[in-house]
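Some notes on the structure that comes next.
The values are calculated or read from the model by the stated rules, or taken from the named source; none is laboratory data. Everything quoted here is computed from the prediction, not taken from an experiment. Don't worry about glycine lacking a Cβ; one is built from the backbone with ideal geometry, like all the others, and counts go over all protein chains shown.
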Amino acid sequence: MKKLFMTMCLLAVAWMLTGCGHSHDWVEATCSEAKHCKTCGKIEGFPLQHNWKEATCTEPKTCTLCGTTEGEAKGHTWNKATFTEPKTCAVCGATEGDKISCTEVNLSRFYDDSTIRQFACLEHTILCLYYNKDDVDFFDYDGKKVATVDIIPDGDTTAYYTDIADPPDLGNVIVLVTMVYEPNNTVVFSFYDEFGKIIGQVEAEGFVPEDKLYVRNYAEGHYLRINKTGYTRGYDAVLVIDTETMTVADNEAGFDSLRKFDGSQYKNSFLQATIGYKYDLVFGKDGSYAGYVDEYGNRVAMYKDASPFNYYGFALVSEDGKTYDVVDSDLKVVGKGVAKGSHSGWAGSSVLYTLQDGKIHFYSIK
């Protein structure tokens, strides 16, 4: 009996020494769990600590052991494109888009056509308005007509065209203004895309045949302020259109974003065609300079000559009135000596020009 008791004790001790009496099926430790037996749950040691890899431009802070993430990717720190390099991240070297290009465009077909009253270069098309025709044509840059839009309703002898505009903030949208003065003296604002497809229309009453209305979107964003003169800076609007809802808005809409300085000290000045309206272009009364001022009239940069900005945010500037550089919307020179001439200007929202030896040269810069 005593021998049996001793045997049982030895077996009990052996069982206690071997734990649960089986061979453990271990699961190795992870960042969130310690090493443990899959069968009995016995734990050995502690969970691992995360081995963090710092966030990059495209990935958040990440554990290299388990893949857990924390926070967000940093995002790229972009350097703008230049004539030699595309838009490039200063941190990781990633690129986006193409280098800036400056291409001379042959627009003599439109410039030399005596029947064309006005033409405007958009991103993909050229809009032409005629002296003796009540319609507008859209051509591609190869000269092929892609659309025709009637300014005056068919058979309506009581209507006339009053203005056309391509406000940059609307992004290649054309606004045609038609006055129909019988029976309700209605003015019609028709919005088209650059391929001649109508995308909206707003009507307003109460104007007389003598009223000639001009689209002057000198308020930031989507408000068009309509004036009775082509030379206003937008303060005395007789009508305001909200282009997001295609409705008539309160006449004060967008007023707070108008420029806050008197331009009478300059020969002339006008709001720039940059998205967001960053600068005004001004010209000295004696013709000795041209350049850019901020919304309060503070001089930012002055040159011998300067152009408006195009749709892509580039302008031509000249230090000597003979050779032109390209600047971006921060007035940083991105291309030197790209054109020659004695005068520069804007031929619609996409194309700039210079005048050289009596001949006009058109440039697509994007």
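Given the conditions (1) at pLDDT 90 or above; (2) exposed (fewer than 13 other Cβ atoms within 10 Å of the Cβ), report the number of the one that Ser108 does not fulfil.
It fails just one condition, (1).
Determine whether the range 80-95 contains at least one residue that is within 25 Å of Tyr324 (Cβ to Cβ), exposed (fewer than 13 other Cβ atoms within 10 Å of the Cβ) and not hydroxyl-bearing (Ser, Thr, Tyr).
No: zero hits.
Note down all Cβ pairs under 8 Å where the first residue falls in the range 286-306 and is in the same structural domain as Asp328 (by TED's automatic domain parsing), the second is of a type in the set (Asp, Glu) and at pLDDT 90 or above, and they're at least six residues apart or on different chains.
Ala290/Asp305; Tyr303/Glu319; Lys304/Glu319; Lys304/Asp320
Need the failing condition index for Val136 against (1) in contact with a Leu (Cβ under 6 Å, 6 or more places away or on another chain); (2) over 20 Å from Tyr311 (Cα atoms); (3) at pLDDT 90 or above, just the number.
In the conditions (1) in contact with a Leu (Cβ under 6 Å, 6 or more places away or on another chain); (2) over 20 Å from Tyr311 (Cα atoms); (3) at pLDDT 90 or above, Val136 misses (3) alone.
Could you list, in sequence order, all residues of the range 325-355 that are within 19 Å of Met302 (Cβ to Cβ) and out of contact with any Asp or Glu (no Cβ under 8 Å at 6 or more places or on another chain)?
Within the range 325-355, Val326, Val327, Asp328, Ser329, Asp330, Leu331, Lys332, Gly341, Gly345, Trp346, Leu352, Thr354 qualify.
Look through the range 130-151, keep the residues that are buried (at least 19 other Cβ atoms within 10 Å of the Cβ) and without any contact (Cβ under 8 Å) to a residue 40 or more places away in the chain, and return whichever of them is farthest from Gly348 (Cα to Cα).
From the range 130-151, those buried (at least 19 other Cβ atoms within 10 Å of the Cβ) are 136-138, 151; that's our starting set.
From what is left, the residues that are without any contact (Cβ under 8 Å) to a residue 40 or more places away in the chain are 137, 151.
Values: Asp137: 15, Ile151: 19 Å.
Applying the filter and picking the extreme gives Ile151.
Would the range 87-96 turn up any residue that is without any contact (Cβ under 8 Å) to a residue 24 or more places away in the chain, outside any loop (DSSP other than H, G, I, E, B) and more than 30 Å from Ala315 (Cβ to Cβ)?
Within the range 87-96, not a single residue is without any contact (Cβ under 8 Å) to a residue 24 or more places away in the chain, outside any loop (DSSP other than H, G, I, E, B) and more than 30 Å from Ala315 (Cβ to Cβ).
Just checking, does the range 106-121 include any residue being under 22 Å from Tyr353 (Cα atoms) and among the acidic types (Asp, Glu)?
yes
Here's the yes/no breakdown for (1) surrounded by fewer than 18 Cβ atoms within 10 Å (Cβ to Cβ); (2) without any contact (Cβ under 8 Å) to a residue 12 or more places away in the chain:
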position	(1), (2)
Pro308	no, no
Glu319	yes, no
Asp330	yes, no
Lys336	yes, yes
Gly348	no, no
Gln356	yes, no
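Test Ile365 against the criterion of being touching a helix residue (DSSP H, G or I) at 6+ places or on another chain (Cβ under 9 Å) and modelled with pLDDT of 90 or more, and give yes or no.
Answer is no for this residue.
Can you confirm whether the range 97-116 contains a residue that is in the same structural domain as Phe189 (by TED's automatic domain parsing), touching a Gly at 6+ places or on another chain (Cβ under 9 Å) and small (Gly, Ala, Ser)?
No - not one qualifying residue is present in the range 97-116.
Just to be sure, is Lys35 in contact (Cβ under 8 Å) with a residue 40 or more places away in the chain, of a type in the set (Lys, Arg) and not assigned by TED's automatic domain parsing to the domain that holds Phe314?
no
I'm checking my understanding of the structure. Among residues of the range 54-67 that are in contact with a Lys or Arg (Cβ under 9 Å, 6 or more places away or on another chain), exposed (fewer than 13 other Cβ atoms within 10 Å of the Cβ) and more than 30 Å from Lys332 (Cβ to Cβ), which one is modelled with the lowest pLDDT?
The qualifying residue modelled with the lowest pLDDT is Thr64.
Would you point out the residue of the range 1-49, among those that are surrounded by fewer than 10 Cβ atoms within 10 Å (Cβ to Cβ) and among the charged types (D, E, K, R), that is modelled with the highest pLDDT?
Looking at residues that are surrounded by fewer than 10 Cβ atoms within 10 Å (Cβ to Cβ) and among the charged types (D, E, K, R), I get Lys3.
Would you point out which residue out of Ile116, Ile100 is more than 12 Å from Gly348 (Cβ to Cβ) and under 20 Å from the mean Cα position of the chain (by Cα)?
Going through Ile116, Ile100 in turn, the sole match is Ile100.
Are any residues in the range 276-306 under 19 Å from the mean Cα position of the chain (by Cα) and under 17 Å from Val338 (Cα atoms), and if so, which ones?
none
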